[in-house]
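See structure below.
Just so you know, all these numbers are worked out from the coordinates, no wet-lab data involved. The shown structure was predicted, so the numbers you read here are calculated from the model rather than taken from an experiment. Neighbour counts run over all protein chains shown; Cβ positions are idealised from the backbone, glycine included.
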Amino acid sequence: MISEAEELVKSGLKQGWKFELFCEGEHLCKDNKDFKDIMEHIRSVDAVVELHMQKEGEKDDWANLVMFNEPDEEIVDCYVGGFIDAFINREEE
C-alpha cells in the first residue's frame, strides 16, 4: 500500500508548496522543497510529526502525520477546506 504521507508531500511539491516539520516542539526543517530530505525527517521520528505547508498566495496548511499507522491512515488531523483536506478527500468524491 502506498504511503499517504509520501503522496501528500509529492503532490504538494509538484504544486509549489514548501514544507516545515516539527516533532514534539523540535523544529526538524523549514522552507524545505526536497522530497527525499522531507521524507527522511518524517521517518526519523517515532512520534507524531506536525507538518506545515506554505505557498505564495495560498493560506498556510497544517496536518499531523502518524507514520506508524496504516499507510492510508497516516494523516490524522488537518485544516478543513485546505490543500491537505482536498488531498485526503480526492478519492472519496
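Observations on the model:
- Of the residues making up the stretch 1-18, those that are closer than 15 Å to Met67 by Cα and either surrounded by fewer than 19 Cβ atoms within 10 Å (Cβ to Cβ) or of a type outside the set (Val, Ile, Thr) (or both) are Met1, Ile2, Ser3, Glu4, Ala5, Glu6, Glu7, Leu8.
- Condition check for Cys29 on (1) touching a helix residue (DSSP H, G or I) at 6+ places or on another chain (Cβ under 7 Å); (2) within 23 Å of Arg90 (Cβ to Cβ): one failure, at (2).
- Of all residues in the stretch 19-43 being assigned to a helix (DSSP H, G or I) and among the acidic types (Asp, Glu), the one that is nearest to Glu74 (Cα to Cα): Glu40
- Among the residues making up the stretch 65-87, those that are in contact (Cβ under 8 Å) with a residue 60 or more places away in the chain and assigned to a helix (DSSP H, G or I) are Pro71, Asp72, Glu73, Phe83, Ile84, Phe87.
- The stretch 33-52 residues that are in contact (Cβ under 8 Å) with a residue 12 or more places away in the chain, paired with ones that are small (Gly, Ala, Ser) (beta carbon under 7 Å, 6 or more apart): Ile42/Ala5; Leu51/Ala63
- Residue check: Leu21 meets all listed conditions (1) over 11 Å from the mean Cα position of the chain (by Cα); (2) surrounded by 16 or more Cβ atoms within 10 Å (Cβ to Cβ); (3) among the aliphatic types (A, V, I, L, M) but one, namely (1).
- Only residues that are within 15 Å of Lys18 (Cα to Cα) and surrounded by 12 or more Cβ atoms within 10 Å (Cβ to Cβ) were counted across the stretch 36-58, and they come to 12.
- Scanning the stretch 1-18 for residues that are of a type in the set (Gly, Ala, Ser) and either under 9 Å from the mean Cα position of the chain (by Cα) or part of a helix (DSSP H, G or I) (or both) gives Ala5, Ser11, Gly12.
- Cβ pairs under 9 Å, 6+ apart, first in the stretch 20-32 and of a type in the set (S, T, N, Q), second in a strand (DSSP E or B): Asn32/Lys18; Asn32/Phe19; Asn32/Glu20; Asn32/Leu21
- Meets criteria (touching a residue at least 24 places away in the same chain (Cβ under 8 Å) and surrounded by 14 or more Cβ atoms within 10 Å (Cβ to Cβ)) for Trp62: no
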